[in-house]
Each structure stands twice: as C-alpha cells, then as structure tokens.
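Chemist: Got a structure for you, written out below as structure tokens; questions coming shortly.
The values are calculated or read from the model by the stated rules, or taken from the named source; none is laboratory data. Source: prediction; values computed, not measured. Glycine also receives a Cβ, built like all others from the backbone with ideal geometry; neighbour counts cover every protein chain displayed. Heads up: the accessible areas ignore ligands, DNA and RNA and are worked out on the full protein's heavy atoms, side chains in. Shrake-Rupley method; radii C 1.70, N 1.55, O 1.52, S 1.80 Å.
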Amino acid sequence: MDRSKKPAAIGVTATPPQPTISLANNIVQATLPTGESVTVHLYGATVTSWRTANGAEQLWLSDAAALDGSKPIRGGIPVVFPVRRLPPILSSHPSRRSLAGPIVFGPPPPNHATSSLPQHGFARNSLWEFLGKSSSESTSSSSSSTAAADNAVKLDFGLSPSMLSPDTKSKWPYEFGLVYSVTLSREGLGTSLQVRNQGGENFEFQVLLHTYLAVEDISKIQISPLQGKSYVDKVRNATEHTESAASIQISAETDRIYKDLDPSVPIVVTSSSSGTDLFSITREGLTDAVVWNPWIDKARSMGDFSPDDGYKRMVCVEAGSVAGWTVLEAGESWEGGQFIRPSSTS
Ligand code: BG6
C-alpha cells in the first residue's frame, strides 16, 4: 500500500516540565526539572542551599546557624546592606566613591547615617517579602512538537522601610526599596540587588553578597586572579597591600577587601589538587570582593559557627561595593549582582 500520502502526525503540545516552587514557614524552595535547587529564607532573603543537578551542595551553612530569625544566618548568602562596618583604620582611607551619584571623598563622618546600625546592616536581619517568580524556557533548538523544559527560575524578594522595626527605621530613615533576585539556572546561580531611592534626599550605602562557598578542603584551593590588586587586610590592622601571589592559598585567618576589580573578570576558586575550577564568579556593578576564612580560633569563638573545624570546608568570596560609598540620588536606582558558575563536574 502506498503510504506516501500518509498525513503527518498532529503535534501534541505537551506542557513543558516546570520548576517546582514552594513557600512554607518563610522558606522558598525552587527546583528545576533538571534537578538543580535553591532554598531561600525570607529572613534576610538568605540563600541557604544551592544544589547542582547531581545533588551536590555548593554553599556552606553552619550546623548551628540560627534559622528562626533570632540572628543573621551563618552561612549561605546573607545580604549585607546598607553598611559593612569598616575597621577604624580603613575608615580614614580616602576611598569613597559613587556609582550612581556624585563622587565623595573622605571617611564617613562619625555621625554617618549608618553608624548606629549593626555591623553588616539590617538587610540580613529583616524578614523580606516573596514577590514571586518568573521562569524562562530553554532556547534549545528542539523541534516544535517537543516541549522544552523551563531551564531557569528567578525568585524576587522585596524589602522596604515599612517592613523594618521602628528602631531600625529611625536609625536609617530613608525611603528605599530593595528587590533581591535569585536566579537558578542549569549554568549556575545569580543573585542581584536593586536599590531604589524613593525619597527626596540622597543616601549612601554599601552592599556585599556574603557568599559562603562550600569546599572539600580549604588547604587545597586557590583563588585568582587577584595578583597586582590592592587590598585592605583586616587581619593586619586594616593596612593596605598589593597582592603579590598569582593565586591565593589560605592557611591562616584571612579577611581582605580586594578593591577596584573588573567585575567582568571572573574570580575563580580552583582545586589545587585537580586543577579543576570549583567556582567562577562574575559580577555586575560590584567592584570589590572580600575573601574571608575565620580559621581555627575565630571559628571557635563564634557561637553559631559549627562544627569547629567547619572553616576547613568553606571560603567566603563576597562580591560587593564596600571600599567606599555609593551615593544614590533621590529618585534614582542602582543594581549590582553576581553570577556563580559551579564546577562542570558538580
Ligand atoms: C566578613 C568580614 O565579611 O564577615 C569579617 O570581612 C567578618 O571581618 C565576617 O568577621 C563575618 O561577619 P559576621 O558579622 O557575620 O560575624
């Protein structure tokens, strides 16, 4: 029988696999159809878990982290805003700058608006609102009859003055609006913060995405390329130095702010045993990066850092804008963020 005139099968438009998203007990969880997942606590809009498709956890979270809103979450990605308290010597350094408004030099005056706030600001101690999600479909060239899986999901979180305690509001009395977006994709995790000045006067802020990366062994990692970059070393009395190492290895307490980095050049955490890139971090609008590991004594001294030897399995590489101040003029907005690409073997 001649089947050459057989009609083509009618395409059935199946619903593409969707990310699953849940919100319960102030915790948002999202999982992609391909298996990657992220968990965000509304407390601080803190990302507390990010797993790649094979289930490998990419972030370090202290076993003793308070997850009940009683104190900032120790681990994951706390959001530092509007201040990262500067050690006294650094605050006399004339490195204030602006990305959105006029350049301001000199240290903040003692009565600076942020001076009575907690050391890392109020964003990580506040309960944020989940604003919802948007997802994007795969752009793969699959045939039209094959439904493409959604391969990214963006979760938005908001914070505004009406959500702060009266005490905090009085300490930082500006009309601001924050939208923090956490984007999970097969390629990695993006987190970005939009700051809006909705009031009538300018304000100054700093921001830091305090990312605790999980590593197998702190003695077997290297961080690069920071050679030739200026940094302020908090461990050495906040003195300023120029990085001489082609790649940084951590073998003692480390607490440095690397300044004036090109955000498009990835900061890469590499395994020194296998040579594999474990994380590659690109930034937008964030020209500083803090590298922090508390090491033995400081880890022990922190009540919410557990286990004591957890310092061996984490390193903070914190994209930020903290060496100076960003001035945001009335009615203006600013945005900065990071994208973390995990090891291709994760
Ligand atoms: C880092 C700072 O960003 O955060 C360190 O550079 C600080 O100096 C560390 O110790 C942890 O801060 P906190 O407030 O979470 O204990």
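Chemist: Looking only at residues in region 22-42 that are under 15 Å from the mean Cα position of the chain (by Cα) and assigned to a strand (DSSP E or B), which one is farthest from PRO342 (Cα to Cα)?
Modeler: HIS41
Chemist: For region 171-188, which residues satisfy the criterion of being assigned to a loop (DSSP other than H, G, I, E, B), surrounded by fewer than 21 Cβ atoms within 10 Å (Cβ to Cβ) and of a type outside the set (Phe, Trp, Tyr)?
Modeler: Within region 171-188, PRO173, GLU175, ARG186, GLU187 meet the criteria.
Chemist: So, of the residues in region 199-235 that are of a type in the set (Lys, Arg) and more than 15 Å from the ligand (Cβ to nearest atom), which turns out to be farthest from SER273 (Cα to Cα)?
Modeler: Only one residue tops the list, namely LYS229.
Chemist: So which residues in region 189-232 are out of contact with any Ser or Thr (no Cβ under 6 Å at 6 or more places or on another chain), part of a strand (DSSP E or B) and among the hydrophobic types (A, V, I, L, M, F, W, C)?
Modeler: Those that are out of contact with any Ser or Thr (no Cβ under 6 Å at 6 or more places or on another chain), part of a strand (DSSP E or B) and among the hydrophobic types (A, V, I, L, M, F, W, C): LEU189, LEU193, VAL195, PHE203, LEU208, LEU213, ALA214, ILE221, ILE223, VAL232.
Chemist: Further question: Give me the pairs, please: first residue somewhere in region 112-125 and within 11 Å of ARG84 (Cα to Cα), second residue anywhere and of a type in the set (D, E, K, R) and more than 12 Å from the ligand (Cβ to nearest atom), beta-carbon distance under 6 Å, and either six or more positions apart or on two chains.
Modeler: Cβ pairs passing all conditions: LEU117/LYS171.
Chemist: Also: Contact list please: Cβ distance under 8 Å, first residue in region 255-274 and in contact (Cβ under 8 Å) with a residue 24 or more places away in the chain and over 17 Å from ILE221 (Cβ atoms), second residue open to solvent by 50 Å² or more (accessible area, probe 1.4 Å) and not in a loop (DSSP other than H, G, I, E, B), pairs at least six apart or on different chains.
Modeler: Cβ pairs passing all conditions: ILE257/LYS234; PRO263/GLU284.
Chemist: So, one more: Of the numbered conditions (1) within 16 Å of the ligand (Cβ to nearest atom); (2) without any contact (Cβ under 8 Å) to a residue 12 or more places away in the chain, SER165 fails exactly one; give the number of that condition.
Modeler: Only one criterion is unmet by SER165, namely (1).
Chemist: Pairs only if they're at least six apart or on different chains, beta carbon under 9 angstrom, first in region 71-82 and over 12 Å from TYR43 (Cα atoms) and away from the ligand (no atom under 12 Å from the Cβ), second open to solvent by 10 Å² or more (accessible area, probe 1.4 Å) and of a type in the set (Ser, Thr, Tyr); list them, first residue then second.
Modeler: Close Cβ pairs satisfying both conditions: PRO82/TYR174.
Chemist: Follow-up. From the residues in region 177-191 that are among the small types (Gly, Ala, Ser) and in contact with a Gly (Cβ under 9 Å, 6 or more places away or on another chain), which one is farthest from SER135 (Cα to Cα)?
Modeler: Residue satisfying both the conditions and the ranking: GLY177.
Chemist: Name the residues in region 215-244 that are of a type in the set (A, V, I, L, M) and open to solvent by 30 Å² or more (accessible area, probe 1.4 Å), would you?
Modeler: Restricting attention to region 215-244, the residues satisfying the condition of being of a type in the set (A, V, I, L, M) are 215, 218, 221, 223, 226, 232, 235, 238.
Of everything in region 215-244, just one residue is of a type in the set (A, V, I, L, M) and open to solvent by 30 Å² or more (accessible area, probe 1.4 Å), namely VAL235.
Chemist: Next question. Here are GLU187, GLU175, GLU137: which of them is modelled with pLDDT of 95 or more and more than 24 Å from GLU318 (Cβ to Cβ)?
Modeler: Numbers: GLU187 fails: more than 24 Å from GLU318 (Cβ to Cβ); GLU137 fails: modelled with pLDDT of 95 or more.
Just one listed residue meets the conditions, GLU175.
Chemist: Let me ask another. Looking at (1) away from the ligand (no atom under 16 Å from the Cβ); (2) buried (at least 19 other Cβ atoms within 10 Å of the Cβ); (3) more than 21 Å from VAL83 (Cα to Cα), can you tell me which one VAL195 breaks?
Modeler: With respect to (1) away from the ligand (no atom under 16 Å from the Cβ); (2) buried (at least 19 other Cβ atoms within 10 Å of the Cβ); (3) more than 21 Å from VAL83 (Cα to Cα), VAL195 is out only on (3).
Chemist: Can I ask one more? Going through region 32-79 one residue at a time, which ones are under 16 Å from TYR212 (Cβ atoms), out of contact with any His (no Cβ under 8 Å at 6 or more places or on another chain) and open to solvent by 30 Å² or more (accessible area, probe 1.4 Å)?
Modeler: Answer for region 32-79, where residues must be under 16 Å from TYR212 (Cβ atoms), out of contact with any His (no Cβ under 8 Å at 6 or more places or on another chain) and open to solvent by 30 Å² or more (accessible area, probe 1.4 Å): ARG51, ALA56, GLU57, LEU61, ASP63, ALA64, LYS71, ARG74.
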